[in-house]
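The values are calculated or read from the model by the stated rules, or taken from the named source; none is laboratory data. Keep in mind that what you see is a predicted model, and the values were worked out from it rather than measured. The accessibility values were calculated without ligands, DNA or RNA, using every heavy atom of the protein model including side chains. Shrake-Rupley method; radii C 1.70, N 1.55, O 1.52, S 1.80 Å.
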Amino acid sequence: MSPVSPAPFPAARMRRLRRTRALREMVQEQGLRPADLIWPLFIREGTGIEEPIPSLPGVNRLSLDRLEGAAEQALALGIPAICLFPYTDPALRTEGCEEAWNPENLTNRAIRALKARFPELMIMTDIALDPYNANGHDGLVVDGTILNDETVEALVKMGLAQAEAGADILGPSDMMDGRIGALRMSLESAGHPDVAILSYAAKFASAFYGPFRDAVGAAGRLVGDKATYQINPANAQEALACVARDLAEGADMVMVKPGMPYLDICRAAKARFNRPTFAYQVSGEYAMLMAAAQNGWLDGEKVMMESLLAFKRAGCDGVLSYFAPRVAAALNA
Ligand code: PBG
């Protein structure tokens, strides 16, 4: 399939099909639908609380009653899934991260409450220890080293507690080796064969996660960086090897993260494996666009649409985005 018209000018005039809106819409190759969106939401304890996150304008930490309002909004807008990220009480953040697999932790209570009221809304969770870790890392740290296999055991306990609470999609974002296979086999033996895994397969060691770390309260705690487990931003082949590995271990869907600076990885992952592929338009991407829009430097509505359409063009099936409710409302208008 050649993208180049075979005819020379003037037989081919590309502008003929750009002349009117109707013609442009007839030949539009890609489209964005509310059904392509997953909406990440931050949750916290309390009632009646919508706590702004300064580095993520327009995004709030929600108490569980307010989360139900957001879930209702998602359904009304045609957004099929939300993804939960907890802000854990600092007193519950420990070196052992035990709160991560507490069946009564904030996330698990949220899942149960949501599934009871909105069974048709898909609930995705995050599997990584950072919201529960005294030192902000995704894995267990002993003497300054992140332990792989011990972390995988902890992550499996965490994932099983989420599945038990009713999560539909588990999202391991930790980048330990072997976690997808361990989680998949444990889900099978624990009687959760239908719980899906959306693996953060190609997750890069990125500075674009800054505002997220503010949102979950991990920023001030993080000791060092995540370069021993997240992928070097220079490495595409390694990222594709991670996608291959996670699919082979039983991931149903894979994710590339961050999104916009890694569209080449999205394209390559979809082309090579042809499995459900998602991008995460991460907190720093959202913050950049919002900051420029708030300064009047960019048209916020237009860059939102353009940035999300880019993921579809690159081959993604869907996108996790903090813009989800706004973009869905615009698409439904
Ligand atoms: C943690 C996790 C991160 C994000 C999702 N899960 C941050 C990190 O790895 O430090 C980032 C999402 C975003 O920036 O929007 N496991």
On a straight-distance basis, which lysines could pair with K157 in a cross-link, Cα separation under 26 angstrom, same-chain partners fewer than 8 positions away excluded? K115, K203, K226, K257
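Could you tell me what percent of the DSSP beta bridges with both partners in region 32-332 are antiparallel, to the nearest 5?
Numbers: 6 of 40 bridges.
Counting only bridges with both partners in region 32-332, antiparallel ones make up about 15 percent.
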What number, in nm² with one decimal, is the all-direction average of the projected area of the convex hull of the alpha-carbon atoms of region 32-332? 14.2 nm²
Among K115, K257, K302, determine the one that fluctuates most according to a GNM of the chain built with springs between C-alpha atoms less than 10 Å apart. K302
Per residue, in Å², the accessible surface of the chain once ligands and nucleic acids are set aside, probe 1.4 Å: 44 Å²
With N set to the number of residues, divide the alpha-carbon radius of gyration of region 116-264 by 2.2 N^0.38 Å and report two decimals. 1.02
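Cα-based Rg of region 240-333 per 2.2 N^0.38 Å, rounded to two decimals? Walk me through the intermediate numbers first.
Numbers: Rg = 14.3 Å, N = 94, 2.2 N^0.38 = 12.4 Å.
Dividing the Cα Rg of region 240-333 by 2.2 N^0.38 Å gives 1.16.
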Kindly write out, for region 292-303 in residue order, the coupling ³J(HN,Hα) from the Karplus curve 6.51 cos²θ - 1.76 cosθ + 1.60 (θ = phi - 60°), rounded to whole Hz, with x marking Gly and Pro. 5, 5, 5, 7, x, 8, 9, 7, x, 4, 6, 5
With -39,500 (n - 2.57) per DSSP H segment of 4 or more residues and division by the full residue count of the chain, the 222 nm estimate, nearest 500 deg cm²/dmol, is -11500 deg cm²/dmol
